[in-house]
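Notes follow the structure.
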Ligand SMILES: [Zn+2]
């Protein structure tokens with residue numbers, strides 16, 4: 001029995017969505033048999049007739065309790081932020097400024113922490129799926145105890161070039177090592193033209209200089225037609 005990487009107690013009997021199911025809804029609308037979307041995963045194209053298709057999810061790595069009850073507040077904050085970003089994508093592209101109080105009201109700090117913890121869950125699932133355990137104990141403890149992860153950062157980037165529509169992507173994990181010891185892991189979570197870059201780095205001084213950069217080596221893509 002594989003244990004849940006978050007609580008290390010219960011059986012890993014639940015699959016986290018690679019792209020959150022509410023985000024799939026925001027980008028693609030209702031996904032049904034008559035209007036499927038397509039995902040490219042592990043070198044193959046697969047049809048998704050439902051947002052709950054197994055190919056829309058990671059391998060089993062967490063338990064139902066951690067996926068539902070424990071991380072629900074984090075998921076809800078992420079829903080708020082991602083919905084705000086998608087709704088205001090054109091405006092953000094023009095203004096290049098983001099006022100988070102327009103999204104979270106007077107609860108910016110709490111919601112931002114929740115968003116970081118949501119992204120920590122995705123990061124942990126990606127690391128798990130890559131058969132590594134980099135930084136997992138820190139990610140898991142912060143999620144369980146609802147605590148800040150001082151080494152985890154995310155940036156919101158509006159994709160400049162071509163307008164991207166009806167498209168989601170989760171990049172491969174980028175790993176930087178120093179003498180075989182990982183010091184940096186990062187990935188990009190792309191929703192239409194909104195790219196969220198997530199970094200866990202042991203040296204926070206490195207983060208600013210490398211936070212924004214090209215990274216299009218995709219692990220999963222979701223598109224509405226191929
Ligand atoms: Zn658990």
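We did not get these values from a lab; they are worked out from the coordinates using the rules stated. As the structure is a prediction and not an experimental result, all values here were calculated from the model. Backbone-built Cβ (ideal geometry, glycine too); neighbour counts: all protein chains shown.
Taking the chain as a Gaussian network of alpha-carbon nodes connected by springs under 10 Å, the highest mean-square fluctuation of the residues 99, 55, 157 belongs to 99. Compactness of the stretch 69-225 is given as radius of gyration and Dmax, 15.5, 45 Å, from Cα positions. Across the stretch 69-225, Cα pairs under 8 Å and at least six residues apart give a relative contact order of 21 percent.
Between residue 181 and residue 52, the contour length at 0.36 nm per residue exceeds the Cα-Cα span by 42.8 nm.
A Förster distance of 22 Å, applied to the separation of the beta-carbon atoms of residue 11 and residue 80, puts the FRET efficiency at 0.10. Gain on full extension, evaluated as 0.36 nm per residue between residue 147 and residue 202 minus their Cα-Cα distance, stands at 18.1 nm.
For the stretch 92-161, the convex hull drawn through the C-alpha positions has a volume of 106 cubic angstrom per residue.
Each helix, a run of at least 4 DSSP H residues, gives -39500 (n - 2.57); summed and divided by the residues of the chain, these come to -10000 deg cm²/dmol at 222 nm. The simple spin-label model puts a point 7 Å past each Cα toward its Cβ; for residue 60 and residue 156 those points are separated by 3.7 nm. Between 181, 122, 156, the GNM of the chain built on Cα springs shorter than 10 angstrom shows 181 fluctuating the most.
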